[in-house]
Amino acid sequence: MVSRMFGKRSRRALAAVAASVLCLGTPLVAIAQDSTDAAVAAAETAAEVATQVAPVAGVDNTTTVIVWLIAFLASICALVQAYLFYKTMQDSDPGTDRMQEIAGYVREGANAYLTQQYKIVGIFFVIIVALLAYAAFGLNVQSRWVPFAFLTGGFFSGLAGWFGMKTATLASNRTAAGAQKSLNAGLQVAFRSGAVMGLTVVGLGLLDITLWFAVLYWILPMVNPDYTMKLVDITVTMLCFGMGASSQALFARVGGGIFTKAADVGADLVGKVEQGIPEDDPRNPATIADNVGDNVGDVAGMGADLYESYCGSILATAALGVAAYSTSILVPDGMDGVQAQLQAMLLPMAIAAIGIFLSIAGIYVVRTKDDATQKNLLAALGRGINLSTVLVAIAAILLGAWLMPKTPGTTFNLGGLVIPGVAFSVITGLLAGWLIGKWTEYATSDEFSPTKKLADQALTGPATIIIGGIADGMMSVWLPVVVICIGTLTSFGFANGWNYADVNFFALGLYGVGIAAVGMLSTLGITLATDAYGPIADNAGGNAEMSGLDPIVRQRTDALDSLGNTTAATGKGFAIGSAALTALALMAAYIEEVRIGFERWGDEVVEVVDADFIKASDGFVVSRYTDVEGTEHAATWLVAPATVADNDELTTAWDAKSFKEGPIAVDDMIAYDKNADGSIVLDEKGRPAGAAFISTGDKLTFLPAAHLQDFSNYYNFSVMNPKVLVGMFLGMMATLVFCAMTMKAVGRAAQGMVEEVRRQFKEKPGIMEGTELPDYAAPVAISTKAAQREMILPSLLGLALPVLTGLLLGVGGVMGLLVGTLTGGFCVAIFMANAGGSWDNAKKYIEAGAHGGKGTDAHKAAVVGDTVGDPFKDTSGPSLNILIKLMSMVSVVVAGLIVRYSLVALGIF
């Protein structure tokens, strides 16, 4: 399909190769994993190709090539470093034969689950790609590259999760073996294995972005000089591969979460509470399924989730940067407008690239002593994260001074260095992420009072600890919300010089919000390592227990596991916080896709109606004009509802021009602004500067120059608009229904797991005596089947609701839906993640000796609380941040369809 855009066979061949490289990016990944020398060779080849491209007129191509090379090399460096950590882990002591055998069971189960999941997801992807291809090639409502972008996003997202899972399942027994030597040895194996996940996500994400940019910006014009894409089209097209990543992430998170929590609930309720055996006891039939679930849910699912956040924040910000400088008002004197757009587009890529190098530096700082407490372990991880954060903040100032256009009124002078305010927006994002992480640590770690007080409530039974956990989770929401609110306002203000009221600076403020999300995620290489480390440490404890290692080993792995619960909760808070800022940027980027949808519609209208001005819908007019070179173009205009409604005669005449049978000429009602000599008034780009109704002189809004406020007036984004209000209610409803669906799915799957474990204990009494082996495969099969069956409906809710809402309620309804999902989803996700983490660590606190330790009534009550919290923190809660972003991504992709074919656009509603 891509080859149809090109004329000659040679050009078609090259285009097909480009698409194939993007869709099957494995060879580049393989290069990165082969050796450092191969990566350098690949980078040299990329540099040679990049420096041979034809420069765009009026643009400094050298800067573009340098930034692209930095980003490309950073992605390769991340993949190479991930491979080196992987090899180091592989070469470490794998432990005894029994340890390797148990790890093999877990690895086999995880591989079987992911293979089955990818088959089902693959079927959905084929259906979605077919629908996107029809929308692009049949209806012409979106770019023809979107189906391919969707595929690459899903492919790389799944690949990142698979690499993380493969590493984690190989690392658990090696972490336990390391813990036999010392606590620090176990920490090093677990943390650097987690770093493989973090570096793979950022490496594949930035690689995908740089490859797409190279194809759309350089390769296409080389193949066919007549086929060029504007920067706004490039950014919005690239943004669409986020839908593929979001879709894969939601399937992975929901499916993996259902698998792991069904197994966990079954193992805990029957094993710990009913049979009174320790956690991860080899006599528990569900213990292998529980360990498998840690890998497919907390590792593969989280990797796919944050891959999507990482790419989405970069691409949404790039699109907003191009939109902000689409008019000459903000462009500094002496700078070309396209150059300003390009540099604002490249800045988030540069920040992400530098963040990779500095994350790697931070990873090497993490180490601890053998007698470390959890506070010491948290401090060890904190040193690495804090170092990376501080260095990225410094780098943001330097990169901003280099790349960001110096728009008057938005800069700061520090010792003669002119720094754009956007640099401080990046620092705002970094600080917001750090604060949310610290607060989550306080709210969930058993080193602090909230979790200790929650453990005290276990003394009076399961009911009180459940009530306390729910209350603590709700209370924990306030600070992250305040941080995100302040972060949004300050990042907006820094970027646009605190011009909150000036519509010309509004887009630049939104760019600041987007780049704050980029800043928050710029250290993802190390922050995700701290999250992925948790399930590895958890599996190591299970391996030590089932292998019968010395109690000191289990004590060390329990210390690592308890830390892992806190870092996992911190990671979830971080992921949700970044999702909020990313979703805000995506909502703004959605308007840019709406603009492009109108322009694409206008190009078709001028082909079917021979007139200067054509009414395509009640509020959309297309005009035809000829530039100075004699080339004919389409110009697109918005007619604000109030413009027509304020004049009864105009309303009657305008309504008489019915578009129900198709676009209709309105040359007798609208005319261009004219000079004294009768010529059309042109803007600086040679386009018509204005048009107005002949009878009243009321102006039309020129679509390419329209501000966000113009779209807000056109679609009436006010909460008094019932379409917007209904959309907000639907968004809130979707949040709660999604949580209910996923939690019910865990409950149904857990019911089957509990029955199976009880059956085995009843029919095989020798299991408890140690004379019979449990059937580990049956619980794995139960969780696998349940997860595959139950993940479909919640995922379809996220995919279908934005489309249906848009078709029924139009763009205004979609904006309401996104606002409702963002605000409701953010609060509920924080509540669920923190409540679940607090319950889990309260149980661990008691197991460490508080209130009598294991086997007491307080411990049994805490286990019940932890069981309730399992789907909170590992299924519904973390899946919500993907739902927020997926709905935004789907809305962006189908914006062209909604603009043209919604009931509102058709004049029906």
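The values are calculated or read from the model by the stated rules, or taken from the named source; none is laboratory data. What you are looking at is a predicted structure, and each value in this text was computed from that prediction instead of being measured. Neighbour counts run over all protein chains shown; Cβ positions are idealised from the backbone, glycine included.
Is it the case, given these coordinates, that Ile419 is in the same structural domain as Trp498 (by TED's automatic domain parsing) and either at pLDDT 90 or above or outside any helix (DSSP H, G or I) (or both)?
On the way: in the same structural domain as Trp498 (by TED's automatic domain parsing): yes; either at pLDDT 90 or above or outside any helix (DSSP H, G or I) (or both): yes.
In short, yes.
Are there any pairs, at least 6 apart or on different chains, whose C-beta atoms fall under 6 Å, with the first in region 654-674 and more than 21 Å from Tyr901 (Cα to Cα) and the second charged (D, E, K, R) and surrounded by 12 or more Cβ atoms within 10 Å (Cβ to Cβ), and if so, which?
Val666/Lys615; Val666/Lys657; Asp667/Asp612
Exactly one of (1) within 17 Å of Asp538 (Cβ to Cβ); (2) at pLDDT below 90 is unmet by Asn224. Its number?
So Asn224 meets the others, but not (1).
What tally of residues in region 695-712 results from selecting those that are more than 22 Å from Gly321 (Cα to Cα) and surrounded by fewer than 18 Cβ atoms within 10 Å (Cβ to Cβ)?
5
Taking region 686-710 as the search range and keeping residues that are touching a helix residue (DSSP H, G or I) at 6+ places or on another chain (Cβ under 6 Å) and aliphatic (A, V, I, L, M), which one is nearest to Phe620 (Cα to Cα)?
Leu703
Within region 524-541, identify whether any single residue is touching a residue at least 40 places away in the same chain (Cβ under 8 Å), in the same structural domain as Gly825 (by TED's automatic domain parsing) and in a loop (DSSP other than H, G, I, E, B), and answer yes or no.
no
Residues that are among the aliphatic types (A, V, I, L, M), buried (at least 17 other Cβ atoms within 10 Å of the Cβ) and under 29 Å from the mean Cα position of the chain (by Cα): does region 444-467 have at least one?
no
If I ask for residues that are touching an Asp or Glu at 6+ places or on another chain (Cβ under 7 Å) and within 18 Å of Ser313 (Cβ to Cβ), which ones from region 217-240 would you list?
Val236
Of all residues in region 169-191, count the ones that are within 19 Å of Val553 (Cβ to Cβ) and crowded, with 24+ Cβ neighbours inside 10 Å.
Summing the residues that are within 19 Å of Val553 (Cβ to Cβ) and crowded, with 24+ Cβ neighbours inside 10 Å in region 169-191 gives 14.
Which number in (1) polar (S, T, N, Q); (2) farther than 24 Å from Ser578 by Cβ; (3) at pLDDT 90 or above marks the one condition that Thr235 misses?
For Thr235, the failing item is (2).
Select from region 633-646 the residues that are in contact with a Phe, Trp or Tyr (Cβ under 7 Å, 6 or more places away or on another chain), in a strand (DSSP E or B) and of a type outside the set (Val, Ile, Thr) and write down the one among them that is farthest from Gly597 (Cα to Cα).
His633
Return the total of residues in region 137-162 being part of a helix (DSSP H, G or I) and either outside the structural domain of Thr228 (by TED's automatic domain parsing) or touching a residue at least 24 places away in the same chain (Cβ under 8 Å) (or both).
If we filter region 137-162 for residues that are part of a helix (DSSP H, G or I), which is where we start, we get 137-138, 146-162.
From the residues that got through so far, the ones that are either outside the structural domain of Thr228 (by TED's automatic domain parsing) or touching a residue at least 24 places away in the same chain (Cβ under 8 Å) (or both) too are 137, 146-162.
Selection size over region 137-162: 18.
Just a yes or no: is a residue in region 228-247 over 27 Å from the mean Cα position of the chain (by Cα) and either over 30 Å from Val106 (Cα atoms) or assigned by TED's automatic domain parsing to the domain that holds Gly798 (or both)?
Checked against the condition, which is being over 27 Å from the mean Cα position of the chain (by Cα) and either over 30 Å from Val106 (Cα atoms) or assigned by TED's automatic domain parsing to the domain that holds Gly798 (or both), region 228-247 yields at least one hit.
Please verify whether Thr867 is at pLDDT below 95, surrounded by fewer than 21 Cβ atoms within 10 Å (Cβ to Cβ) and of a type in the set (S, T, N, Q), treating the condition exactly as stated.
The answer is no for Thr867.
Are there any pairs, at least 6 apart or on different chains, whose C-beta atoms fall under 8 Å, with the first in region 97-111 and outside the structural domain of Pro282 (by TED's automatic domain parsing) and of a type outside the set (Val, Ile, Thr) and the second buried (at least 24 other Cβ atoms within 10 Å of the Cβ) and assigned to a helix (DSSP H, G or I), and if so, which?
Listed by first residue and then by second, the contacts come to nothing, as the list is empty.
Which count do you get for residues in region 692-707 that are assigned to a loop (DSSP other than H, G, I, E, B), within 12 Å of Asp673 (Cβ to Cβ) and within 44 Å of the chain's Cα centre (by Cα)?
Counting residues in region 692-707 that are assigned to a loop (DSSP other than H, G, I, E, B), within 12 Å of Asp673 (Cβ to Cβ) and within 44 Å of the chain's Cα centre (by Cα) gives 1.
Across region 647-686, what is the total count of residues that are in a loop (DSSP other than H, G, I, E, B) and touching an Asp or Glu at 6+ places or on another chain (Cβ under 8 Å)? Outline the logic, then answer.
Here is the first cut: in region 647-686, the residues in a loop (DSSP other than H, G, I, E, B) are 647, 657-663, 666-669, 673, 675-679, 681, 683-686.
Subsequent filtering for residues that are touching an Asp or Glu at 6+ places or on another chain (Cβ under 8 Å) retains 647, 659, 667, 681, 686.
So the count comes out to 5.
Which of (1) outside any strand (DSSP E or B); (2) without any contact (Cβ under 8 Å) to a residue 24 or more places away in the chain is the odd one out, the single condition Arg624 does not satisfy?
All conditions pass for Arg624, except number (1).
Right, Ala214: in contact with an Asp or Glu (Cβ under 8 Å, 6 or more places away or on another chain) and touching a residue at least 12 places away in the same chain (Cβ under 8 Å) or not?
For Ala214, the condition - in contact with an Asp or Glu (Cβ under 8 Å, 6 or more places away or on another chain) and touching a residue at least 12 places away in the same chain (Cβ under 8 Å) - is not met.
What residue, among those in region 395-420 that are touching a Gly at 6+ places or on another chain (Cβ under 7 Å) and aliphatic (A, V, I, L, M), is surrounded by the fewest Cβ atoms within 10 Å (Cβ to Cβ)?
Top of the filtered list is Ile419.
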